[in-house]
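The values are calculated or read from the model by the stated rules, or taken from the named source; none is laboratory data. Every value quoted in this text rests on a predicted model; they were computed, and no experiment measured them. Here the Cβ is made from the backbone with ideal geometry for all residues, glycine too, and neighbour counts use every protein chain on show. Each accessible area value is taken on the protein alone, full model and side chains, heavy atoms only, with ligands, DNA and RNA left out. Shrake-Rupley method; radii C 1.70, N 1.55, O 1.52, S 1.80 Å.
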Amino acid sequence: KESILEADFDAIVAAGDRVEPRDWMPEGYRKTLVRQIAQHAHSEIIGMQPEGNWITRAPSLRRKAILLAKVQDEAGHGLYLYSACETLGVSRDELTRLLIAGKQKYSSIFNYPTLSYADVGTIGWLVDGAAICNQVPLCRTSFGPYGRAMIRICKEESFHQRQGYELLMTMMRGTDEQRAMVQESVDRFWWPALMMFGPPDEESPNTAQSMAWGIKRNTNDDLRQRFVDMTVPQAEALGVTLPDPDLRWNDERGHHDFGQPDWDEFMQVVKGNGPCNAQRLVHRRRAHEDGAWVREAATAFAAKASA
Ligand code: FAQ
């Protein structure tokens, strides 16, 4: 029976169709999805912190309203993704416990500090830009609930990317000091943004199997290249310099050549030794503990309502 089910699964994947929660799936497929979707959900939730840092200090009511909406969207993305992950048989509660115990990862990018208001624009432009590049192909991922969550998330991320770019454009039309703030921020975020796509293909243990299962549709290096090609003309239009002396158009390849991020730094950040790893987890843990009474009250109310 198992081999018939496995043949069905292979046929769905080969046809590029969706695997649904009630379909048979190999245990490794389920585990890989839980790992990736949980990391993705945690990234959205932890990703609220760096920008949330600026909500109380936004320079105008309009900017504050935009930033509040964006950070709230990230919470929504986290929730769709936790829901997608729950269809694989793990609860959101369990995933949250693994996150705050430091047993599951989230994107390296959110372990860098936001030092100026320009960082809000740069995160929108580069971090949401990289997220879109990585996530648009995931709308066609083989697992149904994940792919469907990605469709809505990508629409909202596109809006986020635009708002970041518009913010930076406004600052670039401002004073010399504002232009310098934008450049300084881009200098800090460029390399960490390239690291979001994961290690180089030859050092990526999961890519080959994830692509064979149709979970990933492109390799890490392919998406990184796509991001660089997309971003260079945007940087020119904005009037900022990307901090890479090796960055240039290669006519033969029809792509930009570019330098390598510091992969030792990447490994350190992934291992928990980045500039803000400890702070992010302490904050998340405290928020979870502070929310205990809400969970208890909601559970008590639900029990009363059903009695
Ligand atoms: N950070 O074999 P691979 C957002 C780990 S966007 C930390 O290549 P894989 C939106 C990897 O997990 C950010 N760890 O792994 C937003 C693995 O370790 P493991 C979230 C990383 O899975 C914007 C090991 O290295 N987006 O949140 C990173 O095939 C603004 C070996 O790597 C997603 O999660 C990294 N950058 O490929 C929110 C997208 N890279 O698990 C707020 C979905 C690699 O074996 C504000 N995920 N690692 O212990 C993916 O596409 C993939 O999981 C990759 C990694 C491409 C990230």
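Points worth noting:
- Any chance Arg97 is more than 12 Å from the ligand (Cβ to nearest atom), closer than 21 Å to Ile215 by Cβ and open to solvent by 40 Å² or more (accessible area, probe 1.4 Å): no
- Pick from region 65-82, criterion more than 14 Å from Val120 (Cα to Cα) and of a type in the set (A, V, I, L, M), ranking: farthest from the ligand (Cβ to nearest atom): Leu79
- Any hit, region 232-252, residues being open to solvent by less than 50 Å² (accessible area, probe 1.4 Å), β-branched (Val, Ile, Thr) and at negative phi: yes
- Applying the set (1) of a type in the set (Gly, Ala, Ser); (2) more than 23 Å from Val182 (Cβ to Cβ); (3) free of Cβ contacts under 8 Å to residues at least 24 places away in the same chain; (4) open to solvent by less than 30 Å² (accessible area, probe 1.4 Å) to Gly274 leaves exactly one unmet item: (3).
- Answer from Arg62, Arg18, Arg92 - the residue that is surrounded by fewer than 15 Cβ atoms within 10 Å (Cβ to Cβ) and either within 18 Å of Pro137 (Cα to Cα) or away from the ligand (no atom under 16 Å from the Cβ) (or both): Arg62
- Residues of region 153-166 satisfying the condition of being open to solvent by less than 60 Å² (accessible area, probe 1.4 Å), among the acidic types (Asp, Glu) and more than 9 Å from the ligand (Cβ to nearest atom): Glu156
- Condition check for Glu203: charged (D, E, K, R) and crowded, with 16+ Cβ neighbours inside 10 Å: no
- Selection from region 21-51 of residues that are within 10 Å of the ligand (Cβ to nearest atom) and in a loop (DSSP other than H, G, I, E, B): Gly47
- Of the residues making up region 30-51, those that are open to solvent by 10 Å² or more (accessible area, probe 1.4 Å) and touching a Ser or Thr at 6+ places or on another chain (Cβ under 7 Å) are Thr32, Ser43.
- From the options Tyr80, Tyr117, residue that is farther than 21 Å from Gly198 by Cα, open to solvent by 50 Å² or more (accessible area, probe 1.4 Å) and among the aromatic types (Phe, Trp, Tyr): Tyr80
- Taking every residue in region 25-39 that is more than 11 Å from Ile215 (Cβ to Cβ) and pairing it with any residue that is surrounded by fewer than 17 Cβ atoms within 10 Å (Cβ to Cβ) and modelled with pLDDT under 95, at least 6 positions away or on another chain, the pairs with Cβ-Cβ distances below 8 Å are Pro26/Glu6.
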